[in-house]
Ligand code: GLU
């Protein structure tokens with residue numbers, strides 16, 4: 001049975017009877033900017049972060065900067081400094097972050113491993129995880145293509161019935177997957193896009209929470225951090241809607257209340273392709289270097 005905290009909107013079984021807009025009387029608003037330093041930030045990030053700042057301001061709350069530098073293969077220090085610089089240039093301010101400290105420091109994910117390990121242990125002890133030793137080749141051969149090309153393939157389930165999770169003292173060396181409740185509808189009321197429903201096992205499968213190269217996965221880290229940093233609303237791009245459904249399952253397995261979610265519409269290029277960090281010509285940095293003012297970049301990000 002779900003506890004009181006988990007029946008709030010945002011939990012997989014929320015009853016949907018509460019208001020669809022953030023209610024600042026519930027708790028004081030804490031939002032976050034959570035970029036990953038894997039490239040220069042583009043107009044899509046600018047839009048998301050401007051909306052996040054607007055919401056924090058509208059609800060008289062705080063805005064936290066979290067550096068999501070979890071993946072050592074993809075993150076670069078030069079992009080960390082570029083993130084601060086570009087976001088300040090477009091006029092954003094935050095009250096807690098790696099550069100200014102705060103009560104929930106450290107604010108860089110690469111320094112928060114202890115919390116992620118504790119979270120992995122809690123999920124393992126709850127019986128939610130299993131170790132997966134499938135090779136990349138096996139996965140590529142057996143996996144069902146997801147119905148969304150941007151998403152990871154649905155795990156075919158070979159290691160699913162393994163019962164040896166408790167014999168591992170550390171997550172290193174195998175992939176750890178979260179066992180999703182096949183067929184369960186995961187619903188939440190998005191603050192911007194309204195009611196959303198995804199079906200576990202169909203829209204996404206058993207997802208990795210800890211990688212075999214000993215790096216905690218995004219889904220685990222973001223849940224651990226949003227909870228530990230007392231985030232009340234996560235504003236992010238609509239490309240992460242399905243990740244929200246996965247994260248709601250993690251909150252439930254951990255017995256934690258989920259924050260509210262506000263997913264921003266995605267910014268696309270002229271060909272209709274969603275912006276990625278490889279779209280250098282639409283990076284804040286490039287636009288700034290080519291003479292655009294911060295006001296012009298803000299307007300363009302919110303118009304597109
Ligand atoms: N770090 C993620 C990204 O840059 C965003 C994560 C989130 O907002 O939950 O795409």
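The values are calculated or read from the model by the stated rules, or taken from the named source; none is laboratory data. For clarity, every value in this text was computed on a predicted model and none was experimentally measured. Here Cβ is always computed from backbone atoms with ideal geometry, including for glycine, and neighbour counts include all displayed protein chains.
Checking the stretch 134-154 against the condition returns no match, with no residue being within 18 Å of residue 250 (Cα to Cα) and either touching a helix residue (DSSP H, G or I) at 6+ places or on another chain (Cβ under 9 Å) or loosely packed, with under 13 Cβ neighbours inside 10 Å (or both).
This table checks each residue for (1) under 17 Å from residue 123 (Cα atoms); (2) surrounded by fewer than 23 Cβ atoms within 10 Å (Cβ to Cβ); (3) at pLDDT below 95.
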position: 199; (1), (2), (3): no, yes, no
position: 208; (1), (2), (3): yes, yes, no
position: 211; (1), (2), (3): yes, yes, no
position: 219; (1), (2), (3): yes, yes, no
position: 223; (1), (2), (3): yes, no, no
position: 235; (1), (2), (3): no, no, no
position: 255; (1), (2), (3): yes, yes, no
position: 272; (1), (2), (3): no, yes, yes
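Among the residues making up the stretch 169-181, those that are surrounded by fewer than 16 Cβ atoms within 10 Å (Cβ to Cβ) and either over 17 Å from residue 251 (Cα atoms) or touching a helix residue (DSSP H, G or I) at 6+ places or on another chain (Cβ under 6 Å) (or both) are 169, 170, 172, 173. Every condition in (1) under 29 Å from residue 81 (Cβ atoms); (2) more than 11 Å from the ligand (Cβ to nearest atom); (3) modelled with pLDDT of 95 or more is met by residue 248 except one, and the failing one is (1).
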